[in-house]
Amino acid sequence: NSEACGLRCTESMSDFSEELIKSVTEDDRRETCELSGTGMQLPWLQKHIETVDTGGKKEKDFAQTTSACLSFIQEALLKHQWQQAAEYMHSYLQILEDSDSYKRQAAPEIIWKLGSEILYYHPKSNVEMFNTFADRMKNIGVMNYLKISLQHALYLLHHGMLEDANRNLSQAETWRYGEKSSSQEVLINLIQAYKGLLQYYAWSKKKRELSQLDKDDYAYNTASQSMRDHSWKTSVNLGALIQIPGVWDPFVKSYVEMLEFYGDQDGAREVLTNYAYDEKFPSNPNAHIYLYNFLKREKAPREKLISVLKILYQIVPSHKLMLEFHRLLRKSGSSQESMSIINCVKLFVQTLIIMTVAEKEEHLKLGLEVLFGVLDFAGCTKNITAWKYLAKCLRQTLMGSHLAWVQEEWNSRKNWWPGFHFSYFWAKSDWKEDKTLACEKALVAGILLGKGCRYFRYISKQDHQVSRKKIKRMKKLVKKYSIVNPGL
Amino acid sequence: MDLEEAKEFKERCAQCAAVSWGLTDEGKYYCTSCHNVTERSKEVIDTGAIPNTKIQAINRGLKRKRKLEKGWDWYVCEGFQHILYQQAEALKTLGVGPELKNEVLHNFWKRYLQKSKQAYCKNPVYTSKRKATVLEDNPSHSDWDSEPELLSDLSCPSFVESGAESQPDVHTQKPFPIIKASQSETASICSGSLDGVEYSLRKEKGIVKMTVPRTLAFCYLSLLWQRETITLSDLLRFVEEDHIPYINAFQYFPEEMKLYGRDKGIFAIESWPNYEDIYKKMIEVATFLDLPRFPDITEDCYLHPNILCMKYLMEVNLPDEMHNLTCQVVKMAGIGEVDFLTFDPIAKMAKTVKYDVQAVAVIVVVLKLLFLLDDNLEWSLSNIAEKYNEKNKEDKPWFDFRKWYQVMKKSVDEKKQKWEEARAKYLWKSEKPLYHSSIDRSVVYKRREMVVNLQKQFSTLVDSTPTVAKKTASSFQFNWTEEDTDRTCFHGHSLQGILKKKGQSLTTKNSLYWLSTQKFCKSYCKHVTTYEESNFSLSYQFILNLFSFLLRIKTSFLHEEVSLIEKRLFKAKYSKTKKKSSRSRKVRKY
């Protein structure tokens, strides 16, 4: 029975697929008809979409012309034809009176977006005009009040009108409508945060003034007092927002700066740790950078710094902090003092010792990985420090007889690094531009690819007084450490 | 302001849907979140019932309220009468003779009122409301001449005041001998007119209800009766170009004729008229009015295909010589006969010729006869013409299809672009907004004000010089001159390269022809197989698109008309297609 069923199924399947093929070929024919025509058009598809859109019912001309009007505005904006856009906008405003309440309610937001764009760029427009427009639009659709207020404030900020922006934000902050919905809450937090940012701006200005004042000056006290006031208000405004998952870099940065200034290191650490490690927040490299910089300022232990950068390494392996990361790893990998301390400890800690040894090795290995990772990026190819580190690191790794580590890294790169870094072209241009860089690269090339490699050959053939010694040393090192066995 | 007192008002705000009300100094409710002031006042709410006009009136002072809100007592049909009046006036300024308004349209309208039992009959629908199903007034309507008293009745002044242009008290006089005091109280709740609610509910069998699109059917019928030089497509184009009141025609009503509630559904229009729709309505109205045979369309009438073909040949820049061929096609197809052309609503199957569409279809058929339009022959003929024209610069040039195509394509594309832009900029909303109820009123007015303010703001950003001055109405949309190389005029070009001598007469070099439609529906619908654009040659598509743009009709509609003419022209072939169905067949001519 099941077999029969299966048969029937396949039968109907094949029928269906035949139909599919048929319809496809038909469509193809149609399409080719279109394409062989004069213009590029898909009228068949267009018509189809139109009928689907209106559910087969004929759309009213009003709806049709307003949607045409919208696309004319969009086209004009795209072509930076502000005047034309304004002309069409004049007609598009009718949609606010659409009898279709759904469209009518969606209209204010569209009008605000298009209108503010036009008013931002139109040569005849000015701040006053923008203000009237924004104030009108705020009161049309209640739902957009906060969003428009915020964007209005940003516009004012853009025009350097900080006080007006601040007033605007304060107004929006106190505005309430119905029951507070979650989207409103985020917006209000954002508005408050922007207000906080403005206060931070005032605060940091005061700070600069203060730094120029003498401590004994009688003005110093009042100034520092007002600074304190500002900072208090700001922290209230900023604090709420950064609890909510999101990317709030400027807010976090200024908040931390103020906390640190008033000596609240724990508060600052908490904010930054939360910002970097809370899983609800989107992955954000800056969060880790801020935390790292803070910990560095705090002179935190190396292990802690490494653990922060480890995460950054996973997100942005090409970040310039990666060289610093490498240094930290190298230091931790080859440090002797921890060993000597541990030597004094009793036997039961010996397991720990083994662990730390393993950890150290791991750090060294990771250090190598990090360097390879940095040099994978086109933007870092001329970073002399990176090459220097790599040359040194390779030598040490091979000296420590960890050939396997190098091979592991090299295996995935041996197909493309020679062309990417060690081509004849690069040899020539590197030598011309920066002889030290060329020497470091040549050393790496020699170790990884052997004496026969073009880059190495080109550099080693150069006869230059200053670098003659260097090249000699390089040749020697290559001979000693190259992972390529010339015999094979 | 007293928020405590406003607590019992629990409705949602019409603007922001919040329930948070305060009371203004005048005792009206306003929304505390969006500051929208309603028309509702506290006293009315306290009654606990749906606001009754009477209570409201008492609360506000009876007289003042009546004057402000009510305006005149008027009927829906008066509104339509007013629109017709405006349209007739507009037609007059377009150059149509004054008889159209004073005699023809006036009489049609009176006849309509009588047939629909709204006036000029013993038992008008208003006095006897629902029981008026059995009406024993005039037994036979079919004979136009048997009602002389109706035709001479000039009691309806709005149409007849041709001499005096001023019409201040035209509308105060009403043709309805009705007592309406009792109705007005209740009816005014939902409409400005007295019978708006009732009118929108009315569904009587056999009665053609008046609508705004039907006003155009009336206009066209009168134009046809007068055999004026305006075709249906012209009329509709004039409507779209705002030469004839149609969209928001109600805003020209006298100030005292208030519209709201149900009137909105009756008088507000958000689409331009559509050819097929108005065409159908016109036949419907003519049949309903039981109109007699219309005046004959003879060869000297503008609507005769020979004349219309000449007009459209000029319009699309084709050689005058083609007129000879169109006349022959008209003759052979038998579509130039008076009986064929004249509209007779009482004939068994009332239908009228789509004069403009048919004339254009004849031109398409002629183009197919001359050039075959198979994306091949027309181009090779063009090569011949081009070579000839290069060699003989002094002579009358041969018509070059390719060159014509290039000129036309460019002009039409430009025109279409402008047309689309103008449509996108069209302002639909009237200065006098319509609202559903008095509660709605303030919201609607406020919204209107807001739009006006915003529009003002954006108009300051637009060049002060108006880009497009209002176009003057013209039956021609293109203008061809010899001088301009971009818009070369082909009227004087000859068809020599395309015709050849055969004995005494000329025949087309091309002896092939393909039929636009192979099979016609067998069913009673008489539809032609649908037009699937991609099945046809590009030249044919271009020509159909060109003409259908000129007439503002759908391409498929024109294709159908072309097929119908071919059906008449090649009757014999069509009867044979039942057996054979080869795509192209030879057709001998001349």
Residue ID - farthest from B:Leu235 (Cα to Cα), chosen from residues in region B:87-126 that are touching a Cys at 6+ places or on another chain (Cβ under 6 Å) and not in a loop (DSSP other than H, G, I, E, B): B:Gln114
Long-range neighbours under 7 Å by Cβ, at least six apart or interchain, first residue in the same structural domain as B:Gln358 (by TED's automatic domain parsing) and closer than 16 Å to B:Lys368 by Cβ within region B:313-329, second of a type in the set (Asp, Glu) and surrounded by fewer than 19 Cβ atoms within 10 Å (Cβ to Cβ): B:Leu313/B:Asp320
Verdict on B:Glu421 being closer than 23 Å to B:Leu550 by Cβ, within 11 Å of chain A (Cβ to nearest Cβ) and at pLDDT 90 or above: yes
Condition broken by B:Lys403, with the remaining ones in (1) in a helix (DSSP H, G or I); (2) out of contact with any helix residue (DSSP H, G or I) (no Cβ under 9 Å at 6 or more places or on another chain); (3) not acidic (Asp, Glu) satisfied: (2)
Residue match in region A:117-126 (condition: crowded, with 21+ Cβ neighbours inside 10 Å, part of a helix (DSSP H, G or I), hydroxyl-bearing (Ser, Thr, Tyr) and touching a helix residue (DSSP H, G or I) at 6+ places or on another chain (Cβ under 8 Å)): no
Residues (more than 9 Å from every other protein chain (Cβ to nearest Cβ) and charged (D, E, K, R)) located in region A:99-124: A:Asp100, A:Lys103, A:Glu109, A:Lys113, A:Glu117
Some residue of region B:436-455 being more than 31 Å from the chain's Cα centre (by Cα), within 12 Å of chain A (Cβ to nearest Cβ), modelled with pLDDT of 80 or more and in a loop (DSSP other than H, G, I, E, B): no
Residue list for region A:67-84, filter: among the hydrophobic types (A, V, I, L, M, F, W, C) and closer than 22 Å to A:Pro123 by Cβ: A:Phe72, A:Ile73, A:Ala76, A:Leu77, A:Leu78, A:Trp82
All helices (runs of 4 or more DSSP H) inside region A:387-488 with 3 or more residues being in contact with a His (Cβ under 9 Å, 6 or more places away or on another chain): A:435-449
Residue tally, condition more than 8 Å from chain B (Cβ to nearest Cβ) and outside any loop (DSSP other than H, G, I, E, B), over region A:84-98: 4
Qualifying residues in region B:262-301 (those that are in contact (Cβ under 8 Å) with a residue 40 or more places away in the chain and polar (S, T, N, Q)) - the one farthest from B:Tyr112 (Cα to Cα): B:Thr298
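Rundown of residues vs (1) crowded, with 19+ Cβ neighbours inside 10 Å; (2) farther than 25 Å from B:Val329 by Cβ; (3) in contact with a helix residue (DSSP H, G or I) (Cβ under 8 Å, 6 or more places away or on another chain), yes/no style:
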residue	(1), (2), (3)
B:Arg262	yes, yes, yes
B:Ile266	yes, yes, yes
B:Ile269	yes, yes, yes
B:Thr287	no, yes, no
B:Phe294	no, no, yes
B:Tyr302	no, no, yes
B:Cys309	yes, no, yes
B:Leu313	yes, no, yes
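The values are calculated or read from the model by the stated rules, or taken from the named source; none is laboratory data. Keep in mind that what you see is a predicted model, and the values were worked out from it rather than measured. Virtual Cβ from ideal backbone geometry, glycine too; neighbours counted across all protein chains shown.
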